[in-house]
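The values are calculated or read from the model by the stated rules, or taken from the named source; none is laboratory data. Please read these numbers as outputs of a predicted model, since none were measured by experiment. Glycine gets a Cβ as well: all are built from the backbone with ideal geometry, and neighbour counts include every protein chain shown. Side chains included, ligands, DNA and RNA excluded: accessible areas come from the protein's heavy atoms. Shrake-Rupley method; radii C 1.70, N 1.55, O 1.52, S 1.80 Å.
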Amino acid sequence: MGVFDNIAAYCYPHFFTKHFDELRQLKVANEGVKLVELFNNGELDLIIVNNSLEQQIRGEYVQQQLATEKMMVLAGTSRHLPSQDSCTFHDLFGQKLVLAPEYCPVSRQLLKYRTRFAKFKMVDYTATMVEIIRNSDFVTILPAGMVHHLTTTSTGLVGTTLTDFPQRVITAFAREQSVLEKVSAALV
């Protein structure tokens, strides 16, 4: 099984904790495209990734949408956001934005808007990105589960819902229906 890191950590932590010892192989990656490559090469029986990666999957497969998740803006508490409850994507124009590299589906969506931000930077590692956000006037866009976790477990961060940005669709892809059914039943 392969799973995108922030899906495992923030959407299904109890599943992976409970079944970690039972899994023959668990590949957790912060690049969904690497999981798709392993799936395409026959090294993984099932992957749980953003649905936007489906176009890169080759061969016969079955899939099941597991969840949808809103996107949120994460900022340092000293940063003034347009609203504490919600904002639009347009409200972020002129802000300093830091994102994961281009392999991230959200980053790929935002590349065409890069000139609308005061600064547009990319950082490879989430922990570094969070510290930049906590200690500067940069903001980022992350899945809601991750933002809720970060804002409740550490200080100096605030999140607000991004009302008009496409939601993340989390999907399981497998080569066999029986594998998909077994895992999806355990995830619920």
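Some notes on this structure:
- Within the range 43-56, restricting attention to residues that are open to solvent by less than 30 Å² (accessible area, probe 1.4 Å) and under 16 Å from the mean Cα position of the chain (by Cα), the residue that is nearest to residue 72 (Cα to Cα) is 50.
- In the range 61-81, residue most open to solvent (accessible area, probe 1.4 Å) [restricted to those that are among the polar types (S, T, N, Q) and assigned to a strand (DSSP E or B)]: 65
- Verdict on residue 76 being of a type outside the set (D, E, K, R) and on the phi > 0 side of the Ramachandran plot: no
- All told, residue 91 falls short of being open to solvent by 70 Å² or more (accessible area, probe 1.4 Å), outside any strand (DSSP E or B) and more than 23 Å from residue 155 (Cβ to Cβ).
- All positions within the range 3-42 that are under 11 Å from the mean Cα position of the chain (by Cα), modelled with pLDDT of 90 or more and farther than 17 Å from residue 171 by Cβ: 9
- Selection count where residues are part of a strand (DSSP E or B), at pLDDT below 95 and either open to solvent by 40 Å² or more (accessible area, probe 1.4 Å) or touching a helix residue (DSSP H, G or I) at 6+ places or on another chain (Cβ under 6 Å) (or both), scope the range 159-188: 1
- Residue 138, sole failed condition from (1) touching a Ser or Thr at 6+ places or on another chain (Cβ under 6 Å); (2) farther than 18 Å from residue 29 by Cα; (3) not aliphatic (A, V, I, L, M): (1)
- Leading residue by the ranking (farthest from the chain's Cα centre (by Cα)) among those in the range 96-138 that are of a type in the set (D, E, K, R) and open to solvent by less than 70 Å² (accessible area, probe 1.4 Å): 137
- Number of positions in the range 12-42 that are free of Cβ contacts under 8 Å to residues at least 12 places away in the same chain, among the charged types (D, E, K, R) and not in a helix (DSSP H, G or I): 3
- Top-ranked residue of the range 10-33 - restricted to ones that are of a type in the set (A, V, I, L, M) and touching a helix residue (DSSP H, G or I) at 6+ places or on another chain (Cβ under 8 Å), ranked as most open to solvent (accessible area, probe 1.4 Å): 28
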